[in-house]
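Working notes, beginning with the structure itself.
The values are calculated or read from the model by the stated rules, or taken from the named source; none is laboratory data. Just so it is clear, the model here is predicted, and its values are computed rather than measured. Neighbour counts run over all protein chains shown; Cβ positions are idealised from the backbone, glycine included. These area figures cover heavy atoms from the full protein model, side chains too; ligands, DNA and RNA do not enter into them. Shrake-Rupley method; radii C 1.70, N 1.55, O 1.52, S 1.80 Å.
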Amino acid sequence: MSGENFRTLPPRELRLELEALYADYTGCLDEERFEDWPDFFTDDCLYKIVPRENFERGLPLATWLCESRGYLLDRITAIRKTSVYAPRRIRRIVSAIRIHGWTGDVLEARASYAAYETLIDELTRVFNVGEYRDQIVVSGGRLKFAEKICVFDSQLVPNSLIYPL
Amino acid sequence: MSGENFRTLPPRELRLELEALYADYTGCLDEERFEDWPDFFTDDCLYKIVPRENFERGLPLATWLCESRGYLLDRITAIRKTSVYAPRRIRRIVSAIRIHGWTGDVLEARASYAAYETLIDELTRVFNVGEYRDQIVVSGGRLKFAEKICVFDSQLVPNSLIYPL
Amino acid sequence: MSGENFRTLPPRELRLELEALYADYTGCLDEERFEDWPDFFTDDCLYKIVPRENFERGLPLATWLCESRGYLLDRITAIRKTSVYAPRRIRRIVSAIRIHGWTGDVLEARASYAAYETLIDELTRVFNVGEYRDQIVVSGGRLKFAEKICVFDSQLVPNSLIYPL
């Protein structure tokens, strides 16, 4: 897809493109294909995980802050090399994809997510819920996140925020 | 959209319209734009929140019962003016939108929802899950709920049912 | 729909067909229309529920294993006749439907699910989350599962896995 094609998609087709994007994105993470995760972002992307309270007050403090695709790659390397945490599975559910409008060729979209954590020999529990606030562009023929801010509802920072959301 | 357009949408396009409607609806509530919430309903709407046990047995008892858009507006005023409850965030996930058929220009649709509650300084927990049983019409050029019944799976009425579902 | 129609659906229309299928499937189960559930499967289907650890290691042990539609029917008979367990409601949320490709007329698709359990006089809790790994075909004019493997994230087998996922 070209940027021009993207920009002129009718709303219903645009919704389907976004559904495919979010499905692929969470599928990639849920299946722990972490090395593929940075490819969902542009080179100069912004990726943040931030508590809603901070986000709404405009406070700069973020739980995660990656200011380029290179940072994302570093994160993955760190995840793969670190083993100080207990093994766990994260499952992400996405809902309520909303198209918020265009700035040039950049689409602003939002979606709700719920993430579940399962530790070995423990039952699954709700881990983190919140909203994706995304800027989406076409790059290299596919949809990519130029910006992805994961705004989570809790004020508690989960100390087990090891994997991306 | 006109009622005639709505009534004649092919099934796949109808599904996309409903996905957009439910996304906008839960987005509105999750972002706490409560003043916009009544606009998703017709003037003479019926909005109910009811335990599944009561619903299936045909018992009239409802946890919430609003018999017009005016009631919904009153609810919002009450929410905004009341501060006897602890601040909390609710996040709603919607899934499994099902088209159940038409009665004239009224579409019956169902969807499953899961709502999560986050109190300040607490972890997120599952709050309420259930099914939307909706009657949808076109009014003023957009889709609106003529009837929305939130049938929740629990028999326990959450005492913190402060915000709409 | 014919197999030929199915095979040649454009990606966006295929996605909508799958969304309708998963919505109908979970709706059928959530509304406890269990007798309709086997009709979502081909006669010689494979239906399995298996812990992710076992699945990824290729271990054969499954929590449920039904090797034909007849087995599914037997399951339902057993559910309806058994009353040794406490009454409960299960609600299923589906997300991230991914189209993985074709082998002849068989479509491989995946989706994430989260199931919630509500016992009478108890609050709703997360019950089981995981991934559907499905083989889908056209049979008798509608989409059916030739294979459905429910791979759940936990290593703990919920002793209350009474109803299908």
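Observations, loosely collected:
- Alpha-carbon Rg/Rh ratio, for segment C:31-89, with Rh computed the Kirkwood way: 1.03
- Exposed-site-free run, longest, chain A (rule: GluC sites (Glu not before Pro); DSSP loop; at most 16 other C-beta within 10 Å): A:68-121
- Short to long, the 5 Å bins of the Cα pair-distance histogram for segment C:44-121 hold 3, 10, 11, 18, 27, 17, 8, 3, 1, 0 percent of all pairs.
- Proximal lysines to residue C:144, defined as alpha-carbon separation beneath 30 angstrom and excluding residues fewer than eight positions away on the same chain: C:48, C:81
- Between 0 and 90 degrees, the angle of helix B:11-30 with respect to the longest Cα principal axis of chain B falls at about 20 degrees.
- Convex hull volume of the Cα atoms of chain A, normalised per residue: 114 Å³.
- Prolate/oblate/rounded call for segment C:78-165, Cα gyration tensor, a/c under 1.5 rounded: prolate
- Estimated dipole of segment B:37-156 in Debye, rounded to 20 [Cβ of Lys and Arg +1, of Asp and Glu -1, Cα centre]: 320
- Shape category assigned to the protein assembly as shown from the gyration tensor of Cα positions, a/c cut at 1.5: rounded
- Interface A-B: total buried accessible area of about 2300 Å², 1.4 Å probe, protein heavy atoms only.
- Two-site FRET efficiency, residue C:139 against residue A:5, from Cβ-Cβ distance with R₀ of 35 Å, rounded to 0.05: 0.45
- Scanning residues 5 or more positions from residue C:127 or on other chains, those with amide H under 5 Å from its amide H are C:115, C:116, C:117, with H placed 1.01 Å from N in the peptide plane.
- Here's the picture: charge each Lys and Arg Cβ at +1 and each Asp and Glu Cβ at -1 in chain C, and of C:65, C:82, C:119 the one pushed furthest to the positive end of that dipole is C:119.
- Number of partner chain Cβ atoms within 10 Å, mean per residue of A:27-39: 2
- Treating each Cα of segment C:1-58 as an identical point scatterer and summing with the Debye formula, the log10 of I(q)/I(0) at q = 0.17, 0.19, 0.24, 0.27 Å⁻¹ comes to -0.84, -0.95, -1.03, -1.05.
- Helix A:69-81 and the longest principal axis of the C-alpha atoms of chain A enclose an angle of approximately 30°.
- Based on protein heavy atoms only, chain B ends up with 41 Å² per residue of surface accessible to a 1.4 Å probe.
- Peptide C:8-15 shows a mean partner chain C-beta count of 3 within 10 Å per residue C-beta.
- Whole-Hz couplings from phi, Karplus 6.51/-1.76/1.60, listed for segment A:111-127; x for Gly and Pro: 7, 8, 9, 9, 10, 10, 10, 10, 8, 4, 6, 10, 7, 5, 9, 5, 10
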